[in-house]
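Participant: Starting off with a structure, shown below.
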Amino acid sequence: MGEWRHPDHYSDWAKAFAVERMRAEIGVFLDHGLHLLRDAARAHGYALAVHGSLSRDLDLIAVPWTNEASDLDSIVSALAAATKEATGWGHVSGRSDNSWRTDKPHGRIAVTILASAELSLDISFMPRIEVSR
């Protein structure tokens, strides 16, 4: 997976500082902003879960949870708005040039929302599927 690379001029102390600063920012977001994203996800029929190392970005998984789960554009817009409410940011990376979706294994689509100048929310969306009974 993606290893965090520091600039060549960083000392070991600077590397440790950068890692701890990011972990602190992620912690603040988890304490003060995550509930807003979970509320937005729930309102659109999704469950939102945290995964990953919590050291260089915040990895989230959005899973369609109800039969009425919203389409990708709607849920991404809702999560971006919730991020903006939490931090003042909420920009979807690459949206202006239409490169904002990244295909992943098993039909997942990854989207990055910028929560601050330093903090990225990397969200993997599981696909909605129709189940016949």
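The values are calculated or read from the model by the stated rules, or taken from the named source; none is laboratory data. Worth saying up front: this structure is predicted, and the values here are computed from it rather than measured. Methodologically, a virtual Cβ is constructed for each residue, glycine included, from the backbone with ideal geometry; neighbour enumeration extends over all protein chains shown. In case anyone asks, the SASA skips ligands and DNA or RNA and just uses the protein heavy atoms, side chains included. Shrake-Rupley method; radii C 1.70, N 1.55, O 1.52, S 1.80 Å.
Participant: Counting helices only, and only those DSSP H runs with n ≥ 4, report the 222 nm mean residue ellipticity of the chain as the sum of -39,500 (n - 2.57) divided by its residues, in deg cm²/dmol to the nearest 500.
Facilitator: -11500 deg cm²/dmol
Participant: Could you give the size of the charge dipole of the stretch 12-133 about its Cα centre, using +1 on the Cβ of each K and R and -1 on the Cβ of each D and E, expressed in debye and rounded to the nearest 20?
Facilitator: 200 debye
Participant: To continue, here is another question. Give, in nm to one decimal, the length gained when the segment between HIS91 and GLU130 is fully stretched (0.36 nm per residue of separation minus the Cα-Cα distance).
Facilitator: So the extension gain works out to 11.0 nm.
Participant: Of all DSSP beta bridges in the chain, what percent run antiparallel (nearest 5)?
Facilitator: Roughly 75 percent of the DSSP beta bridges within the chain come out antiparallel.
Participant: Give me the net charge for the shell around SER70: Cβ to Cβ below 13 angstrom, other residues only, Lys and Arg +1, Asp and Glu -1.
Facilitator: Taking every other residue near SER70 into account, the sum is -1.
Participant: Tell me the Kirkwood hydrodynamic radius of the stretch 1-75 in angstroms, computed as one over the mean inverse distance between distinct C-alpha pairs.
Facilitator: Kirkwood hydrodynamic radius for the stretch 1-75: 14.3 Å.
Participant: Summing +1 for each Lys or Arg and -1 for each Asp or Glu, what net charge is found among the other residues whose Cβ lies under 11 Å from the Cβ of SER120?
Facilitator: -4
Participant: Separate question: If one computes the Cα centroid of the stretch 84-127 and of the stretch 9-57, what distance in Å separates the two points?
Facilitator: What the calculation gives is 13 Å, centre to centre.
Participant: Roughly how many percent of the accessible protein surface of the stretch 1-107 is carbon and sulfur, given a 1.4 Å probe and a whole-percent answer?
Facilitator: After summing per-atom areas, the C and S share lands at 51 percent.
Participant: Hey, if you drop one equal point scatterer on each alpha-carbon of the chain and run the Debye formula without solvent, what base-10 log of I(q)/I(0) do you get at q = 0.13, 0.17, 0.18, 0.23 Å⁻¹?
Facilitator: -0.57, -0.91, -1.00, -1.45
Participant: As I understand it, the value is the acute angle between the Cα axis of helix 72-87 and the longest principal axis of the Cα atoms of the chain; what does it come to in degrees, rounded to 10?
Facilitator: The two axes meet at around 40 degrees.
Participant: Tell me the per residue accessible area of the chain using a 1.4 Å probe; a whole number in Å² is fine.
Facilitator: Heavy-atom accessible area per residue stands at 63 Å².
Participant: With each label point set 7 Å from Cα along the Cα-Cβ vector, what nm distance links SER99 and SER74?
Facilitator: A separation of 3.0 nm, rounded to one decimal place.
Participant: Compute the long axis of helix 34-43 from its Cα atoms, compare it with the longest principal axis of the Cα atoms of the chain, and write down the angle in degrees, 0 to 90, nearest 10.
Facilitator: Tilt relative to the chain: about 10 degrees.
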